[in-house]
Amino acid sequence: MSTSGSSSSSRKDFDVKQILRIRWRWFGHPAVQPPHNPPLGDLFTGRGAGASPGECQSPSVSGCSTSNRTVNGAGTENNCQVAVGTSGNGNFSGNSSCNADNRKFAENSVGSRTVNLPVPAFAAAAAGDSSCPQSFSQREWVAPLSLSHSRPVTDIERPGEGSSLPQPPVPEAAVPAAEEETGLTTGAENNNNNHDDSVSSSCRTSNSSATLSSCVSMDPCVSMDPCVSMDPCVSMDPCVSMDPCACPEECVYTSHTHADLTFSKMETYLRTKQLCDVTLVAGDRRIPAHRLVLSSVSDYFAAMFTSDVREAKQEEVKMEGVDPDALWMLVQYAYTGRVELSEDTIECILSVSCLLQLQSVVQACCTFLIKQLHPSNCLGIRSYAEAQGCTHLHHTAHSYTMENFVEVVGGQEFLLLPLEEMDRLLSSDDMNVPDEETVVTALLNWVRHDGSARQPHLPSLLTHIRLPLLQAQFLADLECNPLLRDSVECQRLLMEGMKYHLLPHRRPLLQSPRTRPRKSTVGAMFAVGGMDATKGATSIEQYCLRRDAWRQVAVMSGRRLQFGVCVLDQRLYVAGGRDGLKTLNTVERYDPDSGSWSIMTPMAHTGTGWVRTDNTMATHRHGLGVLPQRKREEDPQARQWSFIASMATPRSTVGVAVLNGKWSCCAPMAKRRGGVGVATWNGFLYAIGGHDAPASSLASRLSDCVERYDPQTDAWTAVAPMSISRDAVGVCLLGDRLYAVGGYDGTVYLNTVEAYDPQTNEWTQVAPLCLGRAGACVVTVKL
């Protein structure tokens with residue numbers, strides 16, 4: 001097979017794949033059988049001279065097959081070896097055929113030292129059956145080719161330069177540098193004029209030098225291509241590996257549709273009643289199923305079929321008290337993961353799923369029922385959830401009932417409530433009602449619905465009604481009600497309520513669970529302004545006792561410090577104060593119902609302090625100015641201010657509350673204090689927190705002390721202190737408890753809030769403010 005030669009410049013343009021294709025064409029000649037010389041071992045494969053035929057089975061880059069090939073009259077073996085030797089004149093003595101099927105090495109006739117060596121990647125080839133015109137200088141050693149890919153190897157490496165075999169000393173003869181660099185010999189070209197393309201463009205040999213160039217490895221176990229490994233055991237490319245164990249993730253196949261397909265097939269078996277090993281009997285319906293599927297979905301069936309019980313071995317299992325249609329739907333759910341919920345089936349499905357312990361279905365049913373909550377059905381859902389043990393659904397339905405109690409009492413479910421449910425409803429403090437009269441009316445309507453059966457239970461139910469907190473006129477009308485008139489116990493309870501109204505000075509002695517108002521009837525607490533980290537808060541926060549939460553509801557028109565707030569006709573009036581530069585006399589009004597602000601008539605004089613009217617309280621903290629000796633009040637009808645009785649002594653950072661209608665001197669407190677919070681409850685005045693200034697140390701300035709003033713004895717008594725010291729604390733009465741809001745602890749402005757119960761003499765923590773503040777004006781509005 002003839003080939004065309006290539007010039008020296010074109011050799012550099014060849015890449016490895018092009019060279020491999022050329023070599024494949026050049027060396028595709030049949031081998032010539034040599035007469036003698038047995039094969040030697042292959043150093044690269046670890047085989048000795050006595051290796052058995054057919055040992056070299058690895059694929060060769062040069063494309064060698066199992067056919068034979070001889071060099072220098074070497075014997076024929078199937079070992080994929082090449083023997084290189086020298087005769088006395090340093091030339092090949094045989095006609096070596098460059099076949100691409102096999103490579104062999106043979107010893108020379110004079111017994112010179114022979115080393116197994118891979119055939120060079122490229123050799124000169126002649127057309128037809130001509131032998132390869134390759135010659136080697138006479139040497140006592142033959143070094144292996146370099147396998148490095150970092151540089152082209154152009155000469156046989158000498159001992160000590162990468163050879164792995166012990167070699168004799170290198171003769172003085174050296175290969176010319178030009179020949180080493182180019183791999184070209186002019187002698188070979190001049191002696192082979194009949195073969196223009198007899199020398200490879202990449203690797204050539206010379207008669208005068210022992211030059212043997214190699215750009216690729218002939219070893220079948222080492223990859224020559226930096227991108228594709230030819231050896232299934234060794235990869236030289238860090239990105240591509242032919243080894244099936246090198247990349248475990250490529251050896252694992254995961255089917256994402258396996259579960260769906262498997263259960264779909266099992267559903268087919270269910271519908272065709274194939275491979276079923278159990279039958280569920282519910283009423284007149286027989287439902288075939290597979291134990292494995294049921295046990296994998298339901299903890300109930302898992303315990304039944306995997307325990308040592310009778311049902312575990314029975315072919316038919318009776319399901320007592322189970323709706324057949326609901327059971328069939330849930331068996332289908334075990335195979336498909338789907339179940340249809342509707343208002344007609346939700347009750348049965350929830351009952352059976354609770355029995356079978358299908359928690360995902362139970363949760364889905366509860367979510368469905370929560371979305372269906374309405375004043376007309378919330379009581380029924382609440383009772384059903386309690387019977388099934390669905391605590392989350394029961395809590396949600398109960399909260400919905402309490403929130404919408406006014407609408408609930410007008411429904412049919414309320415009139416059908418059993419006695420126990422009615423008793424629990426009336427004893428709750430969380431129902432959202434505007435007043436206690438609404439609760440009494442609902443109770444009487446429930447009794448009238450079945451008077452003969454329910455009227456005997458009226459006295460016990462009436463103990464949950466806050467009769468002392470009813471309006472006096474409404475309480476008097478109850479005395480003549482036919483349902484209450486003939487009951488001695490009911491009359492006794494009504495008399496207790498009347499005494500609470502007739503003897504206000506005895507109210508501290510008449511305290512009972514019936515004097516504790518429901519949370520929704522006490523109104524809301526507002527914290528207005530104060531000093532915060534930004535040197536002046538303008539926001540207003542509202543506290544809901546029933547939800548135990550604060551939220552911001554409004555913002556004042558501007559910053560105010562040391563101002564006063566009062567409540568008049570369920571509206572908040574903000575008066576006076578300082579804006580940081582000057583003292584103000586402006587007044588603005590906030591309506592909680594509409595959330596709107598109105599500008600009111602300004603005061604006649606500027607000043608700081610607080611304003612107080614009617615039965616509400618507002619305090620002023622951190623005052624640097626002085627409250628005038630004369631106090632001003634506004635007539636809301638005439639929209640004008642006028643002076644009233646003056647205090648005996650000018651005061652700053654004063655706390656004010658109304659206990660009686662005139663100025664008079666009282667007993668002093670046990671501790672002097674400024675920035676104190678004051679409030680009244682049941683005829684007692686409470687002074688809470690504050691600071692004792694001047695003082696020698698910061699610790700002595702702040703106070704957690706709480707004192708109570710009894711106007712009957714004109715004496716102060718210490719009660720339980722707060723949990724922490726608070727200066728400039730806002731204090732307010734909400735329901736039957738006093739609240740200490742915010743304040744300053746000497747380091748930060750506090751957002752914590754605690755409530756004091758005068759009946760138990762204990763403080764408890766409640767929800768914190770949204771913004772820490774001190775000197776806030778805190779008032780209560782009946783919404």
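The values are calculated or read from the model by the stated rules, or taken from the named source; none is laboratory data. Just so you know, these numbers come straight off a predicted model, no measurement behind them. Virtual Cβ from ideal backbone geometry, glycine too; neighbours counted across all protein chains shown.
Here are some notes:
- Condition check for residue 479: among the charged types (D, E, K, R), buried (at least 16 other Cβ atoms within 10 Å of the Cβ) and over 30 Å from residue 710 (Cβ atoms): no
- Checked across the stretch 453-465, the condition of being crowded, with 17+ Cβ neighbours inside 10 Å, basic (Lys, Arg) and within 27 Å of residue 783 (Cβ to Cβ) holds for no residue.
- One residue alone among 235, 307 is in the same structural domain as residue 16 (by TED's automatic domain parsing), modelled with pLDDT under 90 and of a type in the set (S, T, N, Q), and that residue is 235.
- The set of residues in the stretch 517-574 being in contact with a Leu (Cβ under 7 Å, 6 or more places away or on another chain) and of a type in the set (Ser, Thr, Tyr) consists of 539 alone.
- Filter result (over 41 Å from the mean Cα position of the chain (by Cα) and surrounded by 11 or more Cβ atoms within 10 Å (Cβ to Cβ)) within the stretch 305-315: 309, 311, 312, 314
- Filtered residues of the stretch 503-526 (kept if crowded, with 16+ Cβ neighbours inside 10 Å and over 13 Å from residue 759 (Cα atoms)): 514, 517, 518, 519, 520, 521, 522, 523, 524, 525, 526
- When the residues of the stretch 726-751 are filtered to those that are among the small types (Gly, Ala, Ser) and surrounded by fewer than 21 Cβ atoms within 10 Å (Cβ to Cβ), the one that is nearest to residue 534 (Cα to Cα) is 746.
- If you go through the stretch 712-726 and keep only what is modelled with pLDDT of 90 or more and either in a loop (DSSP other than H, G, I, E, B) or closer than 18 Å to residue 656 by Cα (or both), you end up with 713, 714, 715, 716, 719, 720, 721, 722, 723, 724, 725, 726.
- Number of the exception - residue 322 against (1) over 36 Å from the mean Cα position of the chain (by Cα); (2) over 15 Å from residue 355 (Cα atoms); (3) aliphatic (A, V, I, L, M): (2)
- Matching residues in the stretch 336-355 - criterion: being within 31 Å of the chain's Cα centre (by Cα) and either of a type in the set (S, T, N, Q) or surrounded by 15 or more Cβ atoms within 10 Å (Cβ to Cβ) (or both): 336, 339, 341, 350, 353, 354
- Search result, residues across the stretch 682-703 that are under 24 Å from residue 563 (Cα atoms) and either in a loop (DSSP other than H, G, I, E, B) or at pLDDT 90 or above (or both): 685, 686, 687, 688, 689, 690, 692, 693, 694, 703
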